[in-house]
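The values are calculated or read from the model by the stated rules, or taken from the named source; none is laboratory data. Quick caveat, the model's predicted, so the values are computed rather than measured. Please note: Cβ atoms are built from the backbone with ideal geometry, for glycine as well, and neighbour counts cover all protein chains shown. Keep in mind that these areas ignore ligands, DNA and RNA; they rest on the heavy atoms of the full protein, side chains included. Shrake-Rupley method; radii C 1.70, N 1.55, O 1.52, S 1.80 Å.
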Amino acid sequence: MAPWTTAVGAPQLARLLASQHPGAGRPGAGGGPGRRVPAYRALADGVRLLVLEGRVPVGARLPAERELAAALGVSRTTVATAFETLRADGFLASRRGAGSWTAVPEGSPPPIGGLEPLPPEAADTMIDLGHAALPAPEPHLTRAFEQALAALPPYAHTHGDYPAGLPVLREAVAGHYTARGVPTMPEQIMIATGAMGAVAALARLFTPRGERVAVEHPSYANILQLLRESGARLVPVAMAEGLAGWDLPAWRGVLRESAPRMAYVMADFQNPTGALAGEDQRRELVAAARASGTVLVADETMAELALDDAPRPRPVAAFDPGGSTVVTIGSASKSVWTGLRIGWVRAAPEVIRSLIAARASADLGSPVLEQLAVAGLLTGGGWEPALALRRERARGNRDALVAALRRHLPDWEYAVPHGGLTLWARTGGLSGSRIAEAGERLGVRVPSGPRFGVDGAFETYVRLPFTLGEPLATEAVTRLAAAADQVRTGAAGGGTAPRTYVA
């Protein structure tokens, strides 16, 4: 088996190096007033930064020295010396006959997965930015459960085992998709225990141990961990700069060269970046996945959390009229309340039948009362009012967070998303992991960038959710600013961040 999972061509790498942040190392870049960086060192620094920021995945085969030298307009000796520097720093591995591929230095493994929930007693001392979740939209949630209890007696006289989900909820979810412009039958829906349960079921069906799964980079931390534990080989595909959605040339290259069995994407207000993929991007990615025989799993858990007035792209499934390529997952957990662990899968009827047949070895089915509550929200007029409250709260929280960042951390870089629940911030070149450690001691909890990457990428990022309004949002950012200052001055413990982990 090849030691790499994807490849970066010479023109692509040259383009990525040219698009780096001002001051980033690249051939021809200076090292500041009075200091000139050798060309090989600038090139090595540029590649290292691309790896740490996740724009070149770990485990990506780099072009041959002669090809890269021609693309950059430098000597082959410059490239060879840069590659040797990267090998010495632990950012490149090579094997005779196999070429060279990106790596990260050996040492402590990067943080992976989501953060453990804080115990209730910690709420008085710790501001929690670890979870992208909001309180329930009351009174709509309580009203939905009251109506569900009233509807429960007929179901209580049955065994209560519904592997496909309650028929009333399958019909309601199908109707919800149809109303959004994607005609759907109940036979195309399976109810799952949250979106995580849906992805777990799809991973069991489509990706036996060792299969490749393409993922956005960065991506949702808990899904990355779930796929790792299922034995999948993750193939990261970098997101486009800012909130521009997917890098389609990179996706086409990965789908063509790696032929992953499955790809997991969030087209709508992606977690963690908040990016929204446009209609042309959706159409092109579906076509590329169809051509490579890849099942494209589109996670729509954030799809209905648009915070600003702007035209919305059609769902990804709208570009797959035959239904053979796109599988959609959704959930009430982000739209309504995290404690409402009801999700669903929309797919071709034969895929749904296979998922249902395999469910006996998993969780058998989802809770009946919660399914009745979601069905009541979707059909009883409560869904849109509940969403309106969620959007209003998230919008106010987002604006409070951005205002606090501009005031207290003006050197951090981010694009303000138009929806979802998360903002992806570059920390001025500081280690996000160390900021998270220092923040915990100062009473603010934040997940560092590597939790959302593969093999140590995004060390200079943190994810910030829109979960707090004023004055807590300002207090949280004030504590983060203090944590960043400790890391910058070396007061956070362990000295300043190592050279290889500072962008």
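Placing +1 on the Cβ of every Lys and Arg and -1 on the Cβ of every Asp and Glu, with no other charges, gives the chain a dipole of roughly 1500 debye about its Cα centre. Compactness of segment 127-280 was expressed as the Cα radius of gyration divided by 2.2 N^0.38 Å, which yields 1.27. Placing +1 on the Cβ of every Lys and Arg and -1 on the Cβ of every Asp and Glu, with nothing else charged, gives segment 186-236 a dipole about its Cα centre of roughly 220 debye. Largest first, the residues MET126, MET185 sort by 1.4 Å accessible area into MET185, MET126.
Over segment 365-499, how many percent of alpha carbon pairs lie in each 5 Å bin up to the one with the longest distance? Reading upward from the zero bin: 2, 10, 17, 19, 15, 10, 9, 8, 6, 3, 2, 0. Exposure check, 1.4 Å probe, all protein chains in place: THR81 carries approximately 50 Å² of accessible surface. Element breakdown for segment 372-478 at a 1.4 angstrom probe: carbon and sulfur atoms account for 51% of the accessible area. For segment 164-208, the Kirkwood hydrodynamic radius from C-alpha pairs, put into Stokes-Einstein at 10 °C and a viscosity of 1.306 mPa s, yields a diffusion coefficient of 141 µm² per second.
A 1.4 Å probe, protein heavy atoms only, puts the accessible area of THR142 near 60 Å². If both residues of a DSSP beta bridge must be in the chain, then about 50% of such bridges are antiparallel.
In the chain, a dipole from Cβ-located charges (positive for Lys and Arg, negative for Asp and Glu) runs towards its positive end, and of GLY9, THR427, ALA481 it is GLY9 whose Cα lies farthest in that direction. Taking all protein chains into account, the per residue accessible area for the chain stands at 40 Å² (1.4 Å probe). Restricting the count to DSSP beta bridges whose residues both fall in segment 240-352, what percent are antiparallel, rounded to a multiple of 5? Of the beta bridges lying entirely in segment 240-352, close to 35 percent run antiparallel.
Taking the helices alone, the chain has a mean residue ellipticity at 222 nm of -12500 deg cm²/dmol, built from -39,500 (n - 2.57) per DSSP H run of at least 4 residues and averaged over all its residues. Summed over all non-identical Cα pairs, the Kirkwood treatment of segment 210-314 gives a radius of 13.9 Å.
Can you send over the solvent-accessible area of TYR220, 1.4 Å probe, protein chains only, in Å² to the nearest 10? Accessible area, nearest 10 Å²: 50 Å².
Placing unit charges on the Cβ atoms of the charged side chains and taking the dipole of the chain about its Cα centre, the candidate lying farthest along the positive direction among PRO321, PRO57, PRO385 is PRO57. Simple point charges give the picture: +1 on the Cβ of Lys and Arg, -1 on the Cβ of Asp and Glu, and for segment 333-453 a dipole about the Cα centre of about 160 debye.
Normalised by residue number, the volume inside the convex hull of the Cα atoms of the chain is 151 Å³ per residue. Highest-first packing order for the peptide set 51-62, 462-473, 305-316 is 51-62, 462-473, 305-316, based on the mean count of other beta carbon atoms within 10 Å. Calculate, in whole percent, how much of the Cα-Cα pair population of segment 317-394 lies beyond 15 Å. Tail fraction, whole percent: 66.
With only the Cα atoms considered, segment 137-217 has a convex hull volume of 163 Å³ per residue. Computed from phi, the 3J(HN,Hα) profile of segment 182-192 under the Karplus parametrisation 6.51, -1.76, 1.60 (θ = phi - 60°) reads 10, x, 9, 9, x, 5, 9, 10, 10, 7, 10 Hz, with x in place of Gly and Pro. For the peptides 430-440, 222-232, the ranking by mean Cβ contacts within 10 Å, running from highest to lowest, is 430-440, 222-232.
Here the accessible area is traced with a 1.4 Å probe on the protein chains. For segment 134-259, carbon and sulfur cover 59 percent of it.
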